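K.L.:
Input: one structure, supplied below.
Just so you know, all these numbers are worked out from the coordinates, no wet-lab data involved. In this text, all values refer to a predicted model and were calculated from it rather than measured experimentally. Virtual Cβ from ideal backbone geometry, glycine too; neighbours counted across all protein chains shown.
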Amino acid sequence: MAHRGNSLIRDNHSLGEGRGLVFTAAAVILACSGILCSAQETGAAGKAPPDPRISEAIGQVSADHVRQTIEKLVSFQNRSTLSAQDEESIKAGKGIGAAREWIKSELERDSKECGGCLEVKTDSFEEQPADRIPKSTQIANVYAVLRGTDPQQASRIVLVTGHYDSRNSDNLNTTDAAPGANDDGSGTAVSLECARVLSKMKFPATIIFLTVAGEEQGLNGSKHFAQMAKREGWNIEAVLNNDIVGGDRGPQQDASVVRVFSEGLPAAATEPEIRRIRALGGESDSTSRELARFVAEVGRTYDAGVKPLLIFRLDRYLRGGDHYSFNQQGFAAVRMTEYREDYNHQHQNVRTEGGIEYGDLPKFVDFEYVARVARLNAATLAVLASAPGPPAKVKMLTKELQNDTTLTWEPSPGAAGYEVLWRATSASDWEHVQTFGNAARATLKLSKDNEIFGVGAVDSAGHRSLPVVPEPER
Ligand SMILES: [Zn+2]
């Protein structure tokens, strides 16, 4: 074993045995401090080369287009979920109804430009009066589906979302300015930019570009959507929620990073799963956390211009977001948010008081930063939608007391090979990778007691799936 630590280490030896094994010596460069791998980290387990097609696509994300989107959203004056959505207000370009119709028209235009490649849909429902909903209110999520081209893979879904509703100081106010340029015009712009650039491509798996309402009232839109997805058995592998990714121009902002929040103990874990986590570890291996690590890897592979900073918690103190609605239904979902938020520029009436400017205005948003975050999102979606699905039924044999580790899995359609990732139980990110050929089993000369393992699928072009942490099998 190579040593781990703060220094740069190359690990190029081969370990293990197995049926039809191909020993690919993987170059592993580590620069983890032992707490969290920092955004400055230069490498991780088994870096795959970037796909030039994906690099080109993310290069088409435009800061100017982001600016136009955010300015347009702000022009609707107040996008409270409780604001106007009658025909007249829509015509006048005021209120959440007008915002919804405009988002729909943007996605429809993208679809027209790709020969009808997007299915533009509305998930609309009537929310009954509740805590922050004084009267029965129509809530509509707008989304576009870029259907996968491979019949074996099209049921796999990766999804990007942001919320298009906004608020000012008073969560029930529906008339005064609630610009929501950063919260969450920025996240809405990310979903729309991803739709615009990725709809020009084709992928084996399906991508959904979603914008939800009701976030500020209690995550109502995302909750409805995630419950629908669960009820209808959608196979959503990954949800990227972008909320406050505007890169507020305050002096203490770090525009080189974007925070990626992920839950530890899964919200949807069953009692037996929690018992297993308690006994064997796994507090840091929810599917959402594997997705966060995957985003970090994409950030090292593709030149998005912003580095993911992994935050190992569900969300910030006192705050929540739409990713949680998906977590509750058992889906892997992460939240992206700028490094440092300015609370004078969120949930505030537009005003100047004591020389301080309040309000979520476009002038505080760094459109270049939003574009970089959109590039990171688009690259992650594109890699996952190009890759084979994660291997199914990944097991670790634990029949006997042994110092080796044997893993088995079921083949994944489209996979050309598999890779086993591992790391020390105290390490935050994968440290080692070994590539196997078309095997369904691998034995590594490593003790299962000392490492955490994951198994992923790789296609012939090098697109990697999300890794799956094995379940013990006796
Ligand atoms: Zn928000």
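K.L.:
Mind checking which pairs have a first residue in region 180-195 that is at positive phi and a second that is within 9 Å of the ligand (Cβ to nearest atom), Cβ under 7 Å, 6 or more apart or different chains?
P.N.:
GLY180/SER166
K.L.:
Just wondering, is there one or more residues in region 115-123 that are within 16 Å of the ligand (Cβ to nearest atom) and either part of a strand (DSSP E or B) or within 30 Å of ALA461 (Cβ to Cβ) (or both)? Before you say what the answer is, go through the steps one by one.
P.N.:
At the first step, the residues of region 115-123 found to be within 16 Å of the ligand (Cβ to nearest atom) are none.
Checking region 115-123: not a single residue is within 16 Å of the ligand (Cβ to nearest atom) and either part of a strand (DSSP E or B) or within 30 Å of ALA461 (Cβ to Cβ) (or both).
K.L.:
Residue check, ASP315 against (1) surrounded by fewer than 23 Cβ atoms within 10 Å (Cβ to Cβ); (2) outside any loop (DSSP other than H, G, I, E, B); (3) within 16 Å of the ligand (Cβ to nearest atom), all met but one. Which one?
P.N.:
Failed condition: (2).
K.L.:
Still on this structure: Can you tell me which residue is nearest to THR206 (Cα to Cα) among those in region 236-259 that are in a strand (DSSP E or B) and within 16 Å of the ligand (Cβ to nearest atom)? Full working, then the answer.
P.N.:
Our first condition is that a residue be in a strand (DSSP E or B); within region 236-259, this holds for 236-242, 257-259.
Filter again for within 16 Å of the ligand (Cβ to nearest atom), leaving 239-242, 258-259.
Numbers: VAL239: 12, LEU240: 14, ASN241: 17, ASN242: 19, VAL258: 25, ARG259: 26 Å.
This residue is VAL239.
K.L.:
Please list, ordered by first then second residue, the pairs with beta carbon atoms under 6 Å, 6 or more apart or interchain, first in region 82-93 and in a helix (DSSP H, G or I), second not basic (Lys, Arg).
P.N.:
SER89/GLY95; SER89/GLY97; ILE90/GLY97; ILE90/ALA98; ILE90/GLU101
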